[in-house]
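Heads up: the structure comes next, in structure tokens.
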Amino acid sequence: MDYLAALLPSAGLAVLFVLLMRSILHADRRERAAAAKARAERGGKKPANGGANETGTPS
């Protein structure tokens, strides 16, 4: 029974890590889908200034 008490904290952290990584990957997938949709709606064209904003710094 001592081995269970010794492994439980590590197993708990492993579960939390997996859930965190899953959440990050799903958020990235949703963000990429939204960016692709936005590109498709504006015709897939890049801005003439190469993506720089009004001050000339990259956005």
Take Met1 and Ser23, extend 7 Å from each Cα along the Cα→Cβ direction, and tell me the distance between the two endpoints in nm.
3.4
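I need the calculated FRET efficiency for the pair Ala14 and Glu41, taking r as the beta carbon distance and R₀ as 35 Å, to the nearest 0.05.
Values: r = 41 Å, r/R0 = 1.17.
Once the sixth-power term is evaluated, E becomes 0.30.
None of the figures in this text is laboratory data; all of them are computed from the coordinates on show. Only a predicted model underlies this, so the values are computations on that prediction, with no experimental measurement involved. Positions of Cβ are backbone-derived with ideal geometry, glycine not excepted, and every protein chain shown enters the neighbour counts.
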